[in-house]
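This report refers to the structure that appears directly beneath it.
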């Protein structure tokens, strides 16, 4: 598990910090804001195509090699784009970034799909390992952008971007240090990406996990925009960073709690209950009028989302068919990223009116999704 967390944190930090690094580098190169935005989107948008290359992970004799090659390609393409950006037309680094982004899902859901066979057979050991995986996401999501900002401030954005590229290359080596999993799979038995999506839709637990993951990701993505909107009323615009940091601390605190007290019980039921908990946490954010209260409720939202994320990892591990486990992880992860991007865009559009409106709608959406999913789950149980 120590080797797993080290490798996962390295490759995910490279993936998570890449957007910040490229945007800073683009600004430093004198590109207009809209070009910087498009370059940033060039890394994240290809995540949606990840499921269509994920089948290779399920058919490989050694899945470590697939993930390691993906991390190596991601790092080299990111480094090449960084070197090209200041000296070429933006279209060239954009193409390189799109190719780099294609490998991003392998570094998130692809790595997580290796966890079930590493963690051990018991549910308790699986759940504890998933807690470490949640911590890896939280650490890399904080460490990547923070390291980029620090190195960029000291040495410039180009060294910061090359540092991330190097982290991905080193992470590729760390992935190969993980225990090898013997894959006895006939390639023709592994379903295609679209068939895998169909399997997810037909499986009640996986369908509910996917639906709730998309809704929750869409909803919590509004929190940073909301933080920017209310920060001036709390004392200063810069306090938005403090609120977002509170959310990040909550995510890490949630994973720490899970390491001590792993989730117990049916993963399908847990995802429904914890999606409702996220809805309640989002509602508590809205009436916060002081800085201390706002930090507290942002932290609480981070804890709730961390617990929900752990439940979705458990559901994917326990309900995904063995022949398409990697594809299931990557499908859910890719759609989660797309939903988060949509949530940020919607919040940015609606926030110009009433700051509370998008977050209220998001909380209501989470609560409604949890209620509808609970009814669907009950219906499935009656049918069974």
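Structure summary
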| quantity | calculated |
| --- | --- |
| Helices (runs of 4 or more DSSP H) fully within the range 1-110 counting 2 or more residues that are farther than 30 Å from residue 313 by Cβ and at pLDDT 85 or above | 2-28, 63-84, 91-102 |
| Breaking point among (1) surrounded by fewer than 20 Cβ atoms within 10 Å (Cβ to Cβ); (2) under 20 Å from the mean Cα position of the chain (by Cα), for residue 168 | (1) |
| First in the range 237-263 and closer than 18 Å to residue 5 by Cβ, second anywhere and surrounded by fewer than 17 Cβ atoms within 10 Å (Cβ to Cβ), Cβ under 7 Å, 6 or more apart | 262/124 |
| Selection status of residue 35, in contact with a helix residue (DSSP H, G or I) (Cβ under 7 Å, 6 or more places away or on another chain), surrounded by fewer than 22 Cβ atoms within 10 Å (Cβ to Cβ), closer than 19 Å to residue 145 by Cα and in contact (Cβ under 8 Å) with a residue 40 or more places away in the chain | no |
| Boolean, residue 302 is at pLDDT 90 or above and closer than 27 Å to residue 124 by Cα | yes |
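The values are calculated or read from the model by the stated rules, or taken from the named source; none is laboratory data. Here the structure is a predicted model, which means the values were calculated and not measured. Please note: Cβ atoms are built from the backbone with ideal geometry, for glycine as well, and neighbour counts cover all protein chains shown.
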